[in-house]
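Enquirer: Below: one structure in structure tokens.
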Amino acid sequence: MRSIDAADYQAVPRPIAVMPKTFAEGASTGRHSHARGQILYATDGLMIAQTDNGAWTVPTSHALLIPPRLPHEITMHGNVRMLTAYVSPEAWDRVAQPDCRVIRVSRLMDATLDALGQEPVVYDLHGRGGHLAEIILDEVFRAETVALTLPLPADRRLRTLCEALLADPGLDRGLDDWAGVAAVSRRTLTRAFRRDTGLSFGQWLRRLRQLHVLKLQAEGQPAKLIAAEVGYSSPQACRAMVKRAQRPA
């Protein structure tokens with residue numbers, strides 16, 4: 001039976017090692033890191049990963065690329081089934097960027113990850129396992145990035161504001177009020193937010209609400225309650241907003 005202990009996959013003498021695992025609703029990995037990069041693929045349920053620099057939402061049929069040795073924590077929303085492909089640093093440098101991103105998993109990547117998970121962990125590099133690993137790496141290189149990232153500002157004053165919104169994404173205040181929460185001027189808020197996150201404050205707030213909706217949906221909350229919690233008047237408007245979140249970045 002294949003191990004479900006991530007430590008068993010870090011020194012495998014192969015470019016990719018695939019580990020299947022399941023988690024119950026509300027489970028958390030705790031903060032940790034791996035020597036290898038990760039393709040963290042949600043086959044069922046929704047995962048939220050957090051680092052010092054931001055949060056990434058990983059719904060079904062998507063994967064999060066996590067660089068080697070980056071400290072992170074994963075929480076589960078709904079019952080989660082995942083396939084994690086641990087990628088050697090050498091292979092990672094060939095195909096992936098040096099930061100986290102969420103990608104849409106193609107049907108080919110889905111099939112090859114599953115197939116490699118059926119091969120021996122130490123597969124034949126010149127046989128089926130080696131071919132599958134190369135296909136996966138090529139699919140990662142070609143993968144479409146999806147805007148399911150919520151970057152967090154480095155400025156401590158803006159972090160205070162973000163923490164208030166993370167705790168209650170439905171809070172509805174004007175920009176001047178939010179500037180007051182952060183104890184900065186309106187001008188400083190808008191400039192510093194874009195500098196630190198690459199998004200305007202309004203874009204960041206919409207994305208926070210989009211990602212919060214995905215989390216509540218995975219937890220099985222009713223559509224009307226979800227819409228109300230993020231400040232939308234109807235489930236239809238809420239669904240349209242979430243579709244925009246899953247477009248290519």
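Enquirer: How many of the residues making up region 160-208 are surrounded by fewer than 20 Cβ atoms within 10 Å (Cβ to Cβ), under 24 Å from Cys238 (Cα atoms) and among the basic types (Lys, Arg)?
Expert: 2
Enquirer: Let me ask something additional. Could we say that Tyr123 is part of a strand (DSSP E or B) and either under 30 Å from Arg194 (Cα atoms) or among the aromatic types (Phe, Trp, Tyr) (or both) here?
Expert: Details: part of a strand (DSSP E or B): no; either under 30 Å from Arg194 (Cα atoms) or among the aromatic types (Phe, Trp, Tyr) (or both): yes.
Answer is no for this residue.
Enquirer: Which condition number in (1) surrounded by 16 or more Cβ atoms within 10 Å (Cβ to Cβ); (2) under 18 Å from the mean Cα position of the chain (by Cα); (3) not aromatic (Phe, Trp, Tyr) is the one that Glu119 fails?
Expert: Against the list (1) surrounded by 16 or more Cβ atoms within 10 Å (Cβ to Cβ); (2) under 18 Å from the mean Cα position of the chain (by Cα); (3) not aromatic (Phe, Trp, Tyr), Glu119 comes up short only on (2).
Enquirer: What number of residues in region 14-39 are outside any loop (DSSP other than H, G, I, E, B) and surrounded by fewer than 22 Cβ atoms within 10 Å (Cβ to Cβ)?
Expert: Adding up the residues that qualify gives 7.
Enquirer: List every residue pair whose Cβ atoms lie under 7 Å apart, where the two residues are 6 or more positions apart in sequence or sit on different chains, the first residue falls within region 172-189 and is on the phi < 0 side of the Ramachandran plot, and the second residue, located anywhere, is surrounded by 11 or more Cβ atoms within 10 Å (Cβ to Cβ) and part of a loop (DSSP other than H, G, I, E, B).
Expert: Sorted first by the residue in region 172-189, then by its partner, the pairs are Asp172/Gly231; Ala179/Ser185.
Enquirer: For region 225-234, does any single residue satisfy the condition of being part of a helix (DSSP H, G or I), open to solvent by 20 Å² or more (accessible area, probe 1.4 Å) and free of Cβ contacts under 8 Å to residues at least 24 places away in the same chain?
Expert: Within region 225-234, one or more residues are part of a helix (DSSP H, G or I), open to solvent by 20 Å² or more (accessible area, probe 1.4 Å) and free of Cβ contacts under 8 Å to residues at least 24 places away in the same chain.
Enquirer: Something else about it: Tally up the residues in region 210-243 that are among the charged types (D, E, K, R) and under 15 Å from the mean Cα position of the chain (by Cα), please.
Expert: 1
The values are calculated or read from the model by the stated rules, or taken from the named source; none is laboratory data. Quick caveat: nothing in here was measured; it's all calculated off a predicted structure. Quick reminder, even Gly has a Cβ in these numbers, built from the backbone with ideal geometry, and neighbours come from all protein chains shown. Please note that ligands, DNA and RNA were not included when accessible areas were found on the heavy atoms of the full protein model with its side chains. Shrake-Rupley method; radii C 1.70, N 1.55, O 1.52, S 1.80 Å.
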